[in-house]
Structures are given as C-alpha cells and as structure tokens.
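Below is one structure, written out as structure tokens; the observations come after it.
Since every read-out is calculated from the coordinates, none of them should be taken as a lab result. Bear in mind that the values here come from a model prediction, so they are computed numbers and not experimental data. Cβ: placed from backbone, ideal geometry, glycine included. Neighbour counts: every protein chain shown.
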Amino acid sequence: MRIGIDLGGTKIEGIVLDDTGAVRFRERRATPRGDYDGTIEALVDLVAAAEMAIGHTATVGIGMPGAISPATGMVKNANSTWLIGRTLDRDLEARLGRPVRLANDANCFALSEASDGAAAGAPVVFGVIVGTGCGGGVVVHGHVLTGPNAIAGEWGHNPLPWPAADELPGPECYCGKRGCLETYLSGPGLARDYAACAGVDPTKIKGATVVACAAAGDRHAIAALDRYAHRLARGLATVINTIDPDVIVLGGGVSNVTMLYDAVPRWLDQFVFSDHVATRIVPPMHGDSSGVRGAAWLWPQGHQATGLESPGR
C-alpha cells in the first residue's frame, strides 16, 4: 500500500491507497504554521496513524509547496516559508528510517489525474492548479517531469502572452517581476480585474465571488470572466506550443468554472501554432483529493517500504 500526504499551508491530509486506487485510510490535521520541527512531528505522527490503521508499513510520498533544490538539497519556492532552506526530505527519512519521495503539489495533482483520473492513459498530461497562485505539473508516460532546476511546469511565472496595450506592463508579482500569468489567472487576479471595472474594493472580493456574480447576471463579472478565459487560452497555448500535451487538466478553484471548458478551446485556435488543436481540456476526476492521491502514486506499484535504498528522486 501507499501513503500519500498533502502538506498544505493550513492543513495536512494523509491517505492510504491500495493497488486498485481505493482509499483505505484518510485523516486531516492542522499544519503547525511557522514551526518546522512541529511540521516534521505532524508528518511522522500522520504516517504512524496511517500504518496503525492498515497494520503494516507502506511507502510514503509527500506533496509539498515549492520544491527541493537540486543545487542545495533544501526547500525553495515554498509559500509555507518556514520550510524554505530546510532539508525536509532528509529530515523525514531520518525520522522514519526509510526513503520518502517528495514532489511539488502541482506535480502530484498532475500525476494523480494521469494515473487514475481524468487523463488516465494519456501519454503527456499537463496539470494546472489555479487558486491563490498559479502552478502546473507535467507527467510523461506516467512519470513526473521535474527538470534539472526542479521547476518544470511553473508556467505561472512566465509573462502573459500576446498582451494587449491595456494589459501592459501588468500587475506586480511577488516574484519581483510584472505581468506574470499568476497575476492575471489566480483567484486574486480575477478579483482585482473585476474590481477595477466594477469600482469596488478588490480586498473585499474573491475569485469565487466573481464567478457567482457572473452567474447572477452581473455584466462586469461576465466581462471579467470573458477576459479571464481569453488570458487562460493564451497561457495554455504557450504550453501546447512547447510540450504539446494530450490532455490539460484544470485544478484548483478554476476547475469549477464550467464556462471555461467551452470558452478556452474556442480561443486556442488563434494562438496554437497548428492547423488543428487536439489537446483536451478537462476537469479533474478526483477534485480536491488529487494532490494527496498523486503523492501516494509517487512510488511505483509493488515497491516495498523497507530498506534505505535511494528513492531515485
């Protein structure tokens, strides 16, 4: 069996999957925010609880914010800032007495949907997570593509493609640049765009509010969603032009915006460098559970959870 853990900024979720993909255990706990040692303890305790529930040891995969830097072996790019600069994988392996596998949470989402979800069986899958941020993951023939810099799939920190004059220079991004896709496509980005047109305080609006207002007939919200769909299409067109995935799975809050599954494909033909776009854009099968399921799938079927062999990250 496989243990999967989704290490989030506010909650830690653990599950156990059997070889059929059925869930044998599930539990959520609060994340000890700002406390690295407490986070390690919470992860170790959750593994112990899972193994007590199933009666034996299991492989451990963890989806995390950010990534392990190939240069330093430490966590980088994590919005859970107390993890940054820490050797999370080695510290967990030392406590558990076995190898663990860690991957970016967007990579876990993509792996879940490629393994037994909406993109099962597809050779190349791009998984999109759009919520408070904008991330992505790439799975090729069942394996997560990480890259030598551990940033494969980080499309949210590329600039908005083919910008109109009124989209320049673009909003400031926390990464220090302007006009990143994340500043347009994240939930806060959608809320900010709506607020600018509707004349309301952007700090009082969330992306989900804009979607609800559009459904109620608010013309400013409808226009904001139309702009959003056009920008999402431009962003995904660059992904298609680069890796030509068979399936793109939308995750996070954006996956619940049903109009995007019709609107975005209609725009793609204008931006993809091809006479026909065969890439499917689909919602996730496993929804909010995709990340934690993907963490479990980081280990191949049949691998035993004993020994200290290299996990081959």
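By how many nm would the segment from N79 to H141 lengthen if fully extended, with 0.36 nm per residue of separation less the alpha-carbon distance?
The span from N79 to H141 would gain 19.4 nm if fully extended.
Return a whole-number percent for the relative contact order of the stretch 94-242, with Cα pairs under 8 Å and 6 or more residues apart as the contact set.
Over the stretch 94-242, the number comes to 15 percent.
Determine the dipole magnitude for the stretch 1-68: charges of +1 sit on the beta-carbon of Lys and Arg, -1 on that of Asp and Glu, nothing else is charged, the reference point is the Cα centre, and the result goes in debye to the nearest 20.
It comes to approximately 200 debye.
Could you pull out every residue, at least 5 positions away or on a different chain, whose amide H is within less than 5 Å of the one on G9? Hs are placed 1.01 Å off N in the peptide plane, and Pro or chain starts have none.
none
Determine the gain in length on full extension of the stretch Y174-T10; use 0.36 nm per residue of separation and subtract their C-alpha separation, reporting nm with one decimal.
Contour length minus the Cα-Cα distance gives 57.0 nm.
Ranking C134, C180, C197 by Cβ neighbours within 10 Å, fewest first, what do you get?
Values: C134 28, C180 24, C197 13.
Fewest-to-most ranking of C134, C180, C197: C197, C180, C134.
Over the stretch 120-284, consider all pairs of different Cα atoms and compute the Kirkwood hydrodynamic radius from their mean reciprocal separation; express it in Å, one decimal.
Details: mean 1/r = 0.0618 Å⁻¹.
One over the average 1/r among Cα pairs gives 16.2 Å for the stretch 120-284.
If you keep only loop residues by DSSP, which chymotrypsin sites (Phe, Trp or Tyr not before Pro) in the stretch 161-200 have at most 14 other Cβ atoms within 10 Å of their Cβ?
Working: sites: Y174, Y184, Y194; in loops: Y174.
Filter output for the stretch 161-200: Y174.
Using each residue's phi in the stretch 136-151, evaluate 6.51 cos²θ - 1.76 cosθ + 1.60 at θ = phi - 60° and report the 3J(HN,Hα) Karplus result to the nearest Hz, with x for Gly and Pro.
Ordered by residue, 3J(HN,Hα) equals x, x, 10, 10, 10, 6, x, 10, 5, 8, 9, x, x, 9, 6, 10 Hz.
I need the peptides 119-125, 34-40, 44-50 ranked by packing, meaning the mean over residues of other C-beta atoms within 10 angstrom, with the highest value on top.
Peptide ranking by packing, descending: 119-125, 44-50, 34-40.
Which ³J(HN,Hα) values, rounded to whole Hz and listed in residue order, are derived for the stretch 66-79 from phi using the Karplus coefficients 6.51, -1.76 and 1.60 in 6.51 cos²θ - 1.76 cosθ + 1.60 with θ = phi - 60°, glycine and proline given as x?
Result, ordered by residue: x, 7, 7, 5, x, 7, 10, x, 10, 5, 9, 6, 9, 6 Hz.
For the chain, what does the helix formula give at 222 nm: sum of -39500 (n - 2.57) over DSSP H segments with n ≥ 4, over the residue count, nearest 500 deg cm²/dmol?
On the way: 9 runs with 107 residues, N = 313.
-10500 deg cm²/dmol, from helical runs alone.
What helices does the chain have that are whole DSSP H segments, at least 20 Å long along their own axis by Cα, and with mean Kyte-Doolittle hydropathy of 1.0 or more?
36-54
Check which residues have an amide H placed less than 5 Å from F25's amide H, if you skip close sequence neighbours.
So F25 has HN proximity to V16.
Using the beta-carbon distance between R28 and A164 and R0 = 51 Å, what value does 1/(1 + (r/R0)^6) give for FRET efficiency, to the nearest 0.05?
Once rounded, the FRET efficiency stands at 0.75.
Which of R231, R280 comes first, and how do the rest follow, when ranked by fewest Cβ neighbours within 10 Å?
R280, R231
Could you sort the peptides 101-110, 51-60, 198-207 by per-residue average Cβ neighbour count (10 Å cutoff), highest mean leading? Don't skip to the end; give the middle numbers.
Working: 101-110: 29.0, 51-60: 16.3, 198-207: 14.6.
Descending mean neighbour count gives 101-110, 51-60, 198-207.
From the phi of every residue in the stretch 129-135, what ³J(HN,Hα) in whole Hz does the Karplus formula 6.51 cos²θ - 1.76 cosθ + 1.60 yield, where θ is phi - 60° and glycine or proline is x?
Going residue by residue, I get 10, 10, x, 6, x, 8, x Hz, with x marking Gly and Pro.
Taking 0.36 nm per residue of sequence separation and subtracting the Cα-Cα distance, how much length would be gained by fully extending the chain between M259 and D19, in nm to one decimal?
82.9 nm
Amide H to amide H, which residues 5 or more places from L102 or on other chains are under 5 Å from it, using H placed in the peptide plane?
I62
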